[in-house]
Amino acid sequence: MSTHNLSQLDGAMRPVTAPDIQAHKRSRGAEPLVCLTSYTTLTARLLDAHTDLMLVGDSLGMVLYGLETTVGVTLDMMIAHGQAVMRGARRSCVVVDMPFGTYQESPEMAFRNAARIMKEVGCAGVKFEGGIEMAPTVKFLTDRGIPVMGHVGLMPQSVNTAGGFKSRGRGDDDARRILADAHAIADAGAFAIVVEGVVEPVARTITEEINVPTIGIGASPACDGQILVTEDLVGLFQDFTPKFVKRYMDLGSGIAEAARLYAEDVRSGRFPQDEHCFGVTKPKDDN
Ligand code: KIV
């Protein structure tokens, strides 16, 4: 079977769209989708050439703002970071998370807030968490021109009812529930579904049974694509790395070491030197 990836898109530098992602199922010969979170222009510029999709995830509340959970993230925060990411993205499909409390109440409320994100950010689509209970909202938005990415399994916005960040799908009942959630969201018109913290057999079954790509995080290689939080991938956190994260470097230690060296230089007078100053003329060489 021949494989294709989204960097071969018409050989052209055009942004990857939600329908491009939707068509990208491994069972149809596609390579796994490469997805990462991005919250700033700088990161977007660095990641864009390597990713098919960049998610402006509400994980930014915990990663950038030091919140305990994502529940406190606001629509204005997501819009500001979405705009920043769009300034750095040329090619990747940019999707913005809808934060807690901006879509659960009614499809109409979800549409108003999603439309604000689409207009003010100019992104390719929105993502929100939820299963069967959110399917009518997915349909309401997609019927009205807003591409929606679903998110099932471990849903961080439900941390207060779930009692913590726990992996999902271990018992038969939970497995059936997650499978039904994924089917409902796919049938309602989502262009892809994030499957988070779900045991391999369940992630595999979902991927085999639904006709849109699954994007796994802690959900095995059975998924149609993978996503990680970029700050986890580069090792910005010193204390805790979740089991499903592969750390490709230890940027956190690198930053701390750079700060230590800088502090030493400033305190000892080794920085700044003449070459870092304006208006300092070098004495002429006598020879
Ligand atoms: O908020 C986020 O970053 C996410 C990803 C972890 C999938 O939802």
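The values are calculated or read from the model by the stated rules, or taken from the named source; none is laboratory data. What you see is a predicted model, and the numbers here were worked out from it, not measured in a lab. Note that each Cβ is placed from the backbone with ideal geometry, even for glycine, and that neighbours are counted across all protein chains shown. To get the accessible areas, we keep the full protein, side chains included, count just its heavy atoms, and leave off ligands, DNA and RNA. Shrake-Rupley method; radii C 1.70, N 1.55, O 1.52, S 1.80 Å.
Only one of these conditions is not met by Ala23: (1) crowded, with 16+ Cβ neighbours inside 10 Å; (2) closer than 25 Å to Gly189 by Cβ; (3) modelled with pLDDT of 95 or more. Which number is it? Status for Ala23: all satisfied but (1).
Output yes when any residue across the stretch 209-222 is surrounded by 12 or more Cβ atoms within 10 Å (Cβ to Cβ) and in contact with a Ser or Thr (Cβ under 6 Å, 6 or more places away or on another chain), and no when none is. Yes; the residues of the stretch 209-222 include at least one that is surrounded by 12 or more Cβ atoms within 10 Å (Cβ to Cβ) and in contact with a Ser or Thr (Cβ under 6 Å, 6 or more places away or on another chain). For Arg28, the conditions (1) over 17 Å from the mean Cα position of the chain (by Cα); (2) modelled with pLDDT of 95 or more all hold with the exception of (2).
Within the stretch 126-140, identify whether any single residue is open to solvent by 40 Å² or more (accessible area, probe 1.4 Å), in a loop (DSSP other than H, G, I, E, B) and within 16 Å of the ligand (Cβ to nearest atom), and answer yes or no. Checked the stretch 126-140: no residue is open to solvent by 40 Å² or more (accessible area, probe 1.4 Å), in a loop (DSSP other than H, G, I, E, B) and within 16 Å of the ligand (Cβ to nearest atom).
Among the residues of the stretch 77-103, the ones that are among the charged types (D, E, K, R) and open to solvent by less than 20 Å² (accessible area, probe 1.4 Å) come to 1 in all. Being farther than 21 Å from His183 by Cβ and modelled with pLDDT of 95 or more is a property that Gly164 lacks. Of the residues making up the stretch 236-285, those that are of a type in the set (Val, Ile, Thr) and either open to solvent by 90 Å² or more (accessible area, probe 1.4 Å) or within 33 Å of the chain's Cα centre (by Cα) (or both) number 4.
Could we say that Gly150 is closer than 25 Å to Arg28 by Cα, without any contact (Cβ under 8 Å) to a residue 24 or more places away in the chain, open to solvent by less than 10 Å² (accessible area, probe 1.4 Å) and among the small types (Gly, Ala, Ser) here? Here the answer is no, as Gly150 does not meet what is asked.
When the stretch 238-287 is filtered for residues that are among the hydroxyl-bearing types (Ser, Thr, Tyr) and not in a loop (DSSP other than H, G, I, E, B), the ones remaining, listed by number, are Ser253, Tyr262, Ser268.
Against the definition (of a type in the set (Gly, Ala, Ser) and at positive phi), how does Gly279 come out, yes or no? Considered against the rule, which asks whether it is of a type in the set (Gly, Ala, Ser) and at positive phi, Gly279 comes out as yes. Considering only the stretch 193-211, I want to know if a residue exists there that is of a type in the set (Lys, Arg), closer than 27 Å to Asn113 by Cβ and modelled with pLDDT of 95 or more. Looking for residues that are of a type in the set (Lys, Arg), closer than 27 Å to Asn113 by Cβ and modelled with pLDDT of 95 or more, one finds none in the stretch 193-211, hence no.
Cβ-Cβ contacts under 6 Å between residues 6 or more apart (or on different chains), taken from a first residue in the stretch 219-248 that is under 17 Å from Arg204 (Cβ atoms) and touching a residue at least 60 places away in the same chain (Cβ under 8 Å) to a second residue that is assigned to a loop (DSSP other than H, G, I, E, B) and within 14 Å of the ligand (Cβ to nearest atom), are listed as Asp224/Pro213; Gly225/Pro213.
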